[in-house]
Amino acid sequence: MKLKYDRVILADTHHTMLEGIRGLLETMFDAVVMVADDTSLFDTAARLEADLIVADLSLPVSRDVNIVARLKGRFPKLKLIVLSVHDESIAVEEVMKAGAEGFVLKRTAATDLIPAVRAVLRGRKYVSPGLKKEDKHTR
């Protein structure tokens with residue numbers, strides 16, 4: 001079922017990951033714009049009226065190491081889902097505190113990304129379910 005979203009920006013340096021995620025997002029968006037670095041991400045976000053950004057937490061950055069804080073500082077109304085290989089609860093907490101609406105593990109993106117996109121675009125927060133269970137056990 002195609003939802004009525006226009007544009008999403010996908011930022012990741014791993015070409016294979018970009019292609020796989022793009023395939024998932026193309027079912028929901030009219031346009032998926034892919035970028036591979038922070039400069040391109042900020043330039044594209046400034047030009048394009050996107051509904052959402054899906055960005056790798058480890059995206060190489062030229063200045064500040066916190067890509068989430070930079071994005072939310074410059075584009076506060078833009079929705080943001082972070083993809084990450086990091087499954088530590090501290091990473092999730094820092095990303096969400098910095099303003100991201102969603103956190104999806106790369107290893108579960110095939111099953112978690114679509115529910116994350118739906119939740120975030122409906123104004124809710126989303127964290128990959130595996131992380132929630134792990135976090136409860138680590139607290």
Sequence-distant residues sharing a close amide H with A100 (under 5 Å, placed H): none
Estimated 222 nm signal from helices in the chain, with DSSP H stretches of n ≥ 4 weighted -39500 (n - 2.57), rounded to 500: -13000 deg cm²/dmol
Whole-Hz couplings from phi, Karplus 6.51/-1.76/1.60, listed for the range 82-87; x for Gly and Pro: 9, 9, 7, 8, 7, 10
Cα centroid separation - the range 73-121 against the range 28-56, whole Å: 15 Å
For the range 75-81, 3J(HN,Hα) per residue [Karplus equation, 6.51 cos²θ - 1.76 cosθ + 1.60, θ = phi - 60°, Hz, x = Gly/Pro]: 10, x, 8, 6, 7, 9, 10
Note, ³J(HN,Hα) from phi for the range 12-24, Karplus 6.51, -1.76, 1.60, rounded to Hz, x at Gly and Pro: 7, 8, 8, 4, 5, 5, 4, 5, x, 5, 4, x, 5
DSSP beta bridges in the chain [antiparallel fraction, %, rounded to 5]: 0 percent
At R0 = 22 Å, FRET efficiency that the Cβ-Cβ distance of M17 and R47 yields, to 0.05: 0.40
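None of the figures in this text is laboratory data; all of them are computed from the coordinates on show. Being a predicted model, the structure only gives us computed values, none of them experimental. Counting neighbours? That spans all protein chains shown, and the Cβs are built from the backbone with ideal geometry, glycine included.
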